[in-house]
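**Student:** This is the structure I want to talk about, given as structure tokens.
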Amino acid sequence: MSFLPYIQNTPVWVWVLFIYLLHRGINALFDREMRPGRLFFLPIFFLLWGIYGITREAFHPDISLFTMIIGVLAGIAVGYLLWRSQPPLRHSDTPGFIIRAGTPLTLGLIIIAFGLKYILTATVYLHPELREAPSFSLLFGLLTGLVDGIFWGGTLRVFVPWYKKERQRKQGTI
């Protein structure tokens with residue numbers, strides 16, 4: 001069975017999303033100025049996309065959601081470790097903005113996350129009988145959660161120390 005017909009029948013919006021995410025990942029290779037809340041865009045995006053996928057692709061969403069939570073928790077630990085060597089956030093000269101150091105980790109994770117999501121969804125459409133298998137629902141939720149958790153772990157790894165220091169600065173203790 002060829003995978004080519006599935007690629008050809010993939011909706012255009014999926015390729016537009018992929019290009020957009022690649023653009024975000026390429027921008028993440030370089031230091032960039034942003035508002036602190038923007039750090040959470042990718043973790044929230046992949047969390048919502050994961051929940052959406054579970055509700056649409058998994059026949060046993062309860063199993064998928066449970067294993068997604070486990071995956072997110074495990075992924076947070078992995079992401080935290082992956083980003084441990086990243087430089088801390090810096091203050092920008094622009095009030096209310098920070099500077100996040102560039103890293104190839106974000107681009108790599110975007111490609112892995114998109115590819116994994118694409119493969120899981122394609123698998124369901126190529127083998128519809130898997131949709132009803134509890135083991136597939138378990139795997140779908142676990143992998144979706146793991147990837148999103150890595151985004152959360154990396155984001156928290158750079159955000160939490162900055163936030164603590166910022167809070168101390170505002171309280172005048174540093």
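**Student:** Working carefully through the options 157, 131, find the one that is within 30 Å of residue 57 (Cα to Cα), touching a residue at least 12 places away in the same chain (Cβ under 8 Å) and basic (Lys, Arg).
**Tutor:** Going through 157, 131 in turn, just one is within 30 Å of residue 57 (Cα to Cα), touching a residue at least 12 places away in the same chain (Cβ under 8 Å) and basic (Lys, Arg): 131.
**Student:** Could you list all residues from the range 84-104 that are under 19 Å from residue 167 (Cβ atoms) and small (Gly, Ala, Ser)?
**Tutor:** To start, the set of residues in the range 84-104 that are under 19 Å from residue 167 (Cβ atoms) comprises 88-92, 95-100.
Hits for the range 84-104 are 92, 96.
**Student:** Give me a count of the residues in the range 2-48 that are under 29 Å from residue 131 (Cα atoms), among the β-branched types (Val, Ile, Thr) and surrounded by 11 or more Cβ atoms within 10 Å (Cβ to Cβ).
**Tutor:** Residues flagged as under 29 Å from residue 131 (Cα atoms), among the β-branched types (Val, Ile, Thr) and surrounded by 11 or more Cβ atoms within 10 Å (Cβ to Cβ) within the range 2-48 amount to 4.
**Student:** Another question, then. Out of the range 119-143, which residues are of a type in the set (Ser, Thr, Tyr) and at pLDDT 90 or above?
**Tutor:** Across the range 119-143, the qualifying residues are 135, 137.
**Student:** Right, next: Checking residue 79 against (1) in contact with a Phe, Trp or Tyr (Cβ under 7 Å, 6 or more places away or on another chain); (2) small (Gly, Ala, Ser); (3) farther than 18 Å from residue 111 by Cα, which single condition isn't satisfied?
**Tutor:** Among (1) in contact with a Phe, Trp or Tyr (Cβ under 7 Å, 6 or more places away or on another chain); (2) small (Gly, Ala, Ser); (3) farther than 18 Å from residue 111 by Cα, the lone unmet condition for residue 79 is (3).
**Student:** Answer with yes or no whether residue 69 is surrounded by 16 or more Cβ atoms within 10 Å (Cβ to Cβ) and of a type in the set (A, V, I, L, M).
**Tutor:** In short, no.
**Student:** Working only within the range 49-64, note down all residues that are within 16 Å of the chain's Cα centre (by Cα) and either within 16 Å of residue 135 (Cβ to Cβ) or in contact (Cβ under 8 Å) with a residue 24 or more places away in the chain (or both).
**Tutor:** 49, 50, 53, 54
**Student:** Still on this model: Is it fair to say residue 166 is of a type in the set (Asp, Glu) and under 20 Å from residue 39 (Cβ atoms)?
**Tutor:** yes
**Student:** Within the range 144-152, identify whether any single residue is of a type in the set (Gly, Ala, Ser), under 11 Å from the mean Cα position of the chain (by Cα), assigned to a helix (DSSP H, G or I) and modelled with pLDDT of 90 or more, and answer yes or no.
**Tutor:** yes
**Student:** Can I ask one more? Quick check on my filter: what residues within the range 56-66 are part of a helix (DSSP H, G or I), hydrophobic (A, V, I, L, M, F, W, C) and surrounded by fewer than 18 Cβ atoms within 10 Å (Cβ to Cβ)? It would help to see each step written out before you state the result.
**Tutor:** Going through the range 56-66, the residues part of a helix (DSSP H, G or I) turn out to be 56-57, 61-66.
Keeping just the survivors that are hydrophobic (A, V, I, L, M, F, W, C) gives 63, 65-66.
66 - this is the single residue of the range 56-66 that is part of a helix (DSSP H, G or I), hydrophobic (A, V, I, L, M, F, W, C) and surrounded by fewer than 18 Cβ atoms within 10 Å (Cβ to Cβ).
**Student:** Another question, if that's okay. Please verify whether the range 34-46 includes one or more residues that are out of contact with any helix residue (DSSP H, G or I) (no Cβ under 7 Å at 6 or more places or on another chain) and among the β-branched types (Val, Ile, Thr).
**Tutor:** Within the range 34-46 (the criterion being out of contact with any helix residue (DSSP H, G or I) (no Cβ under 7 Å at 6 or more places or on another chain) and among the β-branched types (Val, Ile, Thr)), the answer is yes, since at least one residue qualifies.
**Student:** Here is a further query. How many residues, within the range 18-38, are touching a residue at least 40 places away in the same chain (Cβ under 8 Å) and out of contact with any Ser or Thr (no Cβ under 9 Å at 6 or more places or on another chain)? Before the answer, list the steps.
**Tutor:** First, the residues of the range 18-38 that are touching a residue at least 40 places away in the same chain (Cβ under 8 Å): 18, 21-22, 24-26, 28-36.
In the following step, the residues that additionally are out of contact with any Ser or Thr (no Cβ under 9 Å at 6 or more places or on another chain) were identified as 18, 21-22, 26, 30-32, 35-36.
Residues that pass the stated criteria total 9.
**Student:** Determine the pairs where a residue that is part of a helix (DSSP H, G or I), located within the range 73-90, has a partner that is of a type in the set (Lys, Arg) with Cβ atoms under 7 Å apart, the partner being 6 or more residues away or on another chain.
**Tutor:** As it stands, the answer is 79/157; 80/157, since those pairs meet every condition given.
**Student:** Additional query: Which residue, of 136, 151, is of a type in the set (Phe, Trp, Tyr) and under 23 Å from residue 106 (Cα atoms)?
**Tutor:** The unique qualifying residue is 151.
The values are calculated or read from the model by the stated rules, or taken from the named source; none is laboratory data. Just so it is clear, the model here is predicted, and its values are computed rather than measured. All Cβ positions, glycine included, derive from the backbone under ideal geometry; neighbour counts span all protein chains shown.
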